[in-house]
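The values are calculated or read from the model by the stated rules, or taken from the named source; none is laboratory data. Model, not experiment: these values are computed from the prediction. Every residue, glycine as well, gets a Cβ built from its backbone with ideal geometry; the counts of neighbours run over all protein chains shown. All accessible areas refer to the heavy atoms of the entire protein, side chains included, with ligands and DNA or RNA removed. Shrake-Rupley method; radii C 1.70, N 1.55, O 1.52, S 1.80 Å.
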Amino acid sequence: MTAPSLQIITWNLWVSAPVCALAASAMVTLIAGAFWPAFARWLTPCLALGGIALTAAFTILAGMLGLPPAGMQVMDSFTVVFDLIILIAAFITVLVSNHYVTRENLERGEYYALMMLSASGAMLMAASDNYVMMFLGLELLSIPLYVLAGFSRGRSESQESALKYLLLGAFASAFFVFGAALVFSATGSTNIVVAGDATERALVGTTPIYVIGLAMILTALAFKVALVPFHMWTPDVYQGAPTSVTAFMAVVAKAAGFGALARVAAAGPEGSWTVLLWGLSAATMIWGNLLAISQNNIKRLLAYSSIAHAGYLLMGILAGGRAGISAVLFYLLAYAAMTFGAFAAVIILAGRGDGAEDIEDYRGIARRSPLLGWTMAIFMFSLAGLPPFAGFFGKLYLFSAAVEAGYPGLTVLAVLTSVMGVFYYLRVTVVMWMQEPEAESGPAAQTSAPLLSRLVLSALAVAVLALGIFSSPVLRWTNSGSAGLERSAEAAIQMTLPEPTNAPAALSGGSR
Amino acid sequence: MRAYLWLIPLLPLLGVLINAWFGHRLPRRVSGAVACLVVFGSFVLGVAALIRLIGMPPGQRIIYHKLFPWISTGGFESAVALMYDPLSAVMVCVVTGVGFLIHVYSLGYMAHDPRYPRFFAYMNLFTFAMLMLVLADNFLLMFVGWEGVGLCSYLLIGFWFERKSASDAGMKAFIVNRVGDFGFLLGMMFIFAVFGSLRFHDVFKQVAADPATLTLTVTGICLLLFVGATGKSAQIPLYVWLPDAMEGPTPVSALIHAATMVTAGVYMVARCWIMFLNAPLALTVVACIGALTALFAATIALVQNDIKRVLAYSTISQLGYMFMACGAGVFAAGVFHLMTHAFFKALLFLGAGSVMHAMSDDTDIRRMGGLMKWLPVTGVTFWVGTLAISGIPPFSGFFSKDEIIWSSLAGPMGSWVFWVFGVVTAALTAFYMARLTFKVFHGQPRMSGEQKHHLHESPPSMAWVLILLAVGASLAGFLNIPPAIAHLLHLPERWTAAFTNFLEPSVGTHEQAVYLLEASVGGSQIGFAKLAHGLQHNAALEFGLMGITLALAAGAILTGRWMYVSRPGTGTALARKLPFLFRTLQNKYYLDEFYKAVIVRPGMALGNALWRGFDVLVIEGIVNGIAIATAIISRLFRVFQTGYVRNYAAGILAGAILIIWVLMR
């Protein structure tokens, strides 16, 4: 490599500009909340929204510059698409949170700042082509989440949730670090692609040390996205955490994990790697759907539902290639819209103190509030994968990518488990629409909500419908993201090859 | 031009959103006005596009507008794309033009309904779906519109769902339509399997390029598509839902069950003219079903006593005419009748609504009579509709019906048999319409004193709509003056068959039809195609046959007058003399009972058997089994889901070991 010049430093700065912008905005929000507590109620969310919008602008700008890989981080079109999905999710989180934190008296400046920091960690994870940087992202994502999970200090469930998440998260992170160390010791590189490529070039098989390291990294990521059997924390933590934080976790933390998986997946050894992902995906969708059926608490139901969706998403990672990764990105967007929608409705329905969180409490609610009835029906239909909503097209693209990549068996399984999903999603709708409200038994669901919440709810329902109807243009956008991922993997190999190797076939090793 | 094509369906959708979300907060006046204005806006745009179309050279009168790609995965691509050609243009103008008038009429008719905004939201949604159906440039999007109108029909028939008969009728319409839709869906899948595309343009180009080898496949496809058409356009054997659909509010009957939705089947057949001409067998089936339905429904209409039911059977009968024309290979005649029928049938239904309004929602014509005195506007306009549907010149029905009857003989697939069906039906039509009109508006008043006290002409908003529709029903025929008459009167060239000439790029010329038919069957087996070709220009024969039809129709009207005004007892006496025939007709050939015995009851029995045997034992066994298994699994799972962090950590560790084991294997 040539000596580092000033120019490379500037490039590096641009590559990390979006993450820095979001982190800096988080600081501003934090300080503003601390200095003007009187205005915190409206000032902090406004600053958060502004910061997120600014970051989005930076991301688009950085994407347009066409930056080369900077060594640790890449600003390819995958990063751009992924960052924008994360930022959209963060934006919606702020809007959805507003009603909740006000109602539950959680409105401290830290709330939005922590959320933004966590989102910047998610962005860093997906933007890093290096295990060390990815670990940094993982921690930046997780640590604010531990705090947020325990944010309603008054409720012991929240405390329990935070502690469980912290202990298990730390356990999983340890796997990641140790795995990265093993990968480095086996290959001499912490770059994802280079390490994978080095193994492939060096030996006919794969070195055990590298494989064990990779397995441990996968363990940590599987924990983050809640794949079976690493999912057990999910229902407990989702149920206990403040609902708006749960929504954030279900979308952003999961998306971050899949962003990282998309980068790591290409580095896996052939053969056993696909068997492993196949098995994890199958186990996750069966287990998630099966257990969701017997849930009565809506947050636990959505937790298992999020596990099941992780199984579908993993199909896209397994399928890989342009179609698979593009389908994953599309599905993440669709999943974000419908999951946030469902949680936004849950926040309103639960009422002060989160009283009504059982599905049975929703009896006949559609009669009292057609808005909640209709929007919740749309979210549930979409989560169940019924046309013409976003969830249907998301599944369609994932499944067709899997079929084309040669996994018809897994696709059949996915379709069958989707049918199981219809059962519990529609149950929520049936309870809301067709059952009579029972007089004075248990805490009744609430329907009153501020205008902003109702607007957000309607907008999300429209988005779920629009993503279904206009799925093709969106898919073209996510396609550009998956194309970027392929290009970066190739570029990474070429950049670190000091001299032409005498085994040219290995050049394609990075992108399986 | 392209720039605003998409606004045509979008405007009504906007109306739906406004009325569905803010309807209950808006004043009634505003919510109704919004609904009317959006449809009017679509009408204006539709007419503007039509004028633009006429300005283009005849061969190039087609505008494509691809809005966005919709589904693109693997081998399957489908876009949301619109197409505006002469056929779409006619349909758009009819749907929005007549639709707008019916919306305006509803302002007065539904004025006292508590669910006013919802009604208009449904009406706009229906208009949107219908516009998507006729503007689609591929089968998939057309199917979306097709299902959409079916859904709206269900919602609107059952609009007064508190009445059990209304919600039952809605259900019946929905279920019967599902049978037809299934045929359409199968046809569509078949098309994709054979042609690899669902775009009209691609499919038809392939058919036209190679008619000889594709005939068998295309016949299968066309028959499946026609099953869909019989459901939506209420033909034998799937017509049973339409008479019951009269349970809906009268404007709904006028809009959906007379002027627009039921014409979807005819539109679809005309749209697929190349395919149907490539399948002579399917075309014969279309013509036979059409001819049979026309006659069959007309005979039932002879003895019905409910004003709306007479009109419902008359609609079925007229739709049969349209299919007969298509089946004879003259699609333009079918579409022309579709247009004139939209005018006079909407007029008749709205007139009936006006009568019901005056009669406190009574629909039994035995309790009416002499209403002309109280409802002069309704009476006169109703007479215009009656004369139009009976085919009396110079009203529009004369031109369109005459063209159909002539085509049923002279068309490339025409035959004397169809001609006889056509003429007999024309006579019956004139008779039952005369019976209806004379019984309602003339003779002795037979209503109760209470009803008589309330008799009043409808408010101006409704009366004006009737007048406008009457003007349309009178004059629309002049758009398409048959060549024979035009020659006789020395009319300029551009007046001659103007409508047919305009439509021909969309639905083919006589020569194209003959070419395709001959190519499909090898040129020898349809002898009458050549015979018909000779008949085409036989003006003397045309005038002769026209005279026969006209004489029969006029005679039938006069007989009606004699039977129901001059000698009011004759009808009853006749019924007593022919009790068997009368009862059979009165009970609609017992077909509802037949369906009940042959399809519904065995179906229910099968359903019950399946429910007791299969559902309870197997499905519920499985479901309950799963539930029990889930409970067991959950309980087993609880051993892990202890809530103890150490156990969860152990799970993660076990998983990690599993992963390492799989990777190292």
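Scoring A:Glu107 on the criteria (1) open to solvent by 30 Å² or more (accessible area, probe 1.4 Å); (2) within 14 Å of chain B (Cβ to nearest Cβ) leaves a single failure, condition (2). Inclusion of A:Ala283 among residues that are over 24 Å from A:Phe78 (Cβ atoms), within 14 Å of chain B (Cβ to nearest Cβ), surrounded by fewer than 23 Cβ atoms within 10 Å (Cβ to Cβ) and at pLDDT 90 or above is warranted.
Considering the stretch A:215-226, and only residues there that are farther than 18 Å from B:Asn647 by Cβ and more than 7 Å from chain B (Cβ to nearest Cβ), the residue that is surrounded by the fewest Cβ atoms within 10 Å (Cβ to Cβ) turns out to be A:Leu221. With respect to the conditions (1) buried (at least 22 other Cβ atoms within 10 Å of the Cβ); (2) at pLDDT below 85; (3) not charged (D, E, K, R); (4) not in a loop (DSSP other than H, G, I, E, B), A:Ala445 lacks only one, and its number is (4).
All told, B:Ala89 falls short of being at pLDDT 85 or above, closer than 30 Å to A:Phe330 by Cα and open to solvent by less than 10 Å² (accessible area, probe 1.4 Å). Where helices (runs of 4 or more DSSP H) fall entirely within the stretch B:438-509, those with at least 1 residues that are within 22 Å of the chain's Cα centre (by Cα) are at B:460-475, B:498-507.
For the stretch A:22-47, a tally of residues being open to solvent by 80 Å² or more (accessible area, probe 1.4 Å) and of a type in the set (Ser, Thr, Tyr) returns 0. The residues listed here are A:Met380, A:Met338; of these, the one that is outside any loop (DSSP other than H, G, I, E, B) and within 18 Å of the chain's Cα centre (by Cα) is A:Met338. The set of residues in the stretch A:161-188 being more than 23 Å from the chain's Cα centre (by Cα) and either open to solvent by less than 10 Å² (accessible area, probe 1.4 Å) or in contact (Cβ under 8 Å) with a residue 12 or more places away in the chain (or both) consists of A:Phe178, A:Ala181, A:Leu182, A:Val183, A:Phe184, A:Ser185, A:Ala186, A:Thr187. Looking at the stretch A:405-421, is at least one residue surrounded by 20 or more Cβ atoms within 10 Å (Cβ to Cβ), more than 14 Å from chain B (Cβ to nearest Cβ) and modelled with pLDDT under 90? No, there is no match, as no residue in the stretch A:405-421 is surrounded by 20 or more Cβ atoms within 10 Å (Cβ to Cβ), more than 14 Å from chain B (Cβ to nearest Cβ) and modelled with pLDDT under 90. A single entry from A:Ala323, A:Ala342 fulfils the requirement of being closer than 30 Å to A:Pro450 by Cα and in contact (Cβ under 8 Å) with a residue 24 or more places away in the chain: A:Ala342. Considering the stretch A:1-32, the residues that are of a type outside the set (A, V, I, L, M) and modelled with pLDDT of 85 or more include one that is farthest from A:Thr93 (Cα to Cα), namely A:Ser16. Residues of the stretch A:136-155 that are assigned to a helix (DSSP H, G or I) and open to solvent by 80 Å² or more (accessible area, probe 1.4 Å): A:Leu136, A:Ile143.
Restricting the stretch A:286-311 to residues that are surrounded by fewer than 22 Cβ atoms within 10 Å (Cβ to Cβ) and either of a type in the set (Phe, Trp, Tyr) or over 26 Å from A:Ala345 (Cβ atoms) (or both), which is farthest from the other protein chains (Cβ to nearest Cβ)? Top of the filtered list is A:Ile286.
Would you mind telling me which numbered condition in (1) touching a Gly at 6+ places or on another chain (Cβ under 7 Å); (2) in a loop (DSSP other than H, G, I, E, B); (3) of a type in the set (Val, Ile, Thr) B:Ile405 fails? The failed condition is (2). Residues in the stretch B:436-465 that are closer than 17 Å to B:Phe349 by Cβ and touching a Gly at 6+ places or on another chain (Cβ under 6 Å): B:Phe441, B:Ser461, B:Met462. Among the residues making up the stretch B:402-430, those that are open to solvent by 40 Å² or more (accessible area, probe 1.4 Å) and over 27 Å from B:Gln512 (Cβ atoms) are B:Val420, B:Val424. Among the residues examined, A:Gly351 qualifies as more than 12 Å from chain B (Cβ to nearest Cβ), in contact (Cβ under 8 Å) with a residue 12 or more places away in the chain, over 19 Å from the mean Cα position of the chain (by Cα) and open to solvent by less than 30 Å² (accessible area, probe 1.4 Å).
Residue-by-condition table, conditions (1) more than 7 Å from every other protein chain (Cβ to nearest Cβ); (2) at pLDDT below 90; (3) within 13 Å of A:Ser161 (Cβ to Cβ):
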{"residue": "A:Gly205", "(1), (2), (3)": "yes, yes, no"}
{"residue": "A:Pro229", "(1), (2), (3)": "no, yes, no"}
{"residue": "A:Val237", "(1), (2), (3)": "yes, no, yes"}
{"residue": "A:Thr243", "(1), (2), (3)": "yes, no, yes"}
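Checking each residue in the stretch B:641-653 for being more than 7 Å from every other protein chain (Cβ to nearest Cβ) and assigned to a helix (DSSP H, G or I) picks out B:Arg646, B:Asn647, B:Ala650, B:Leu653.
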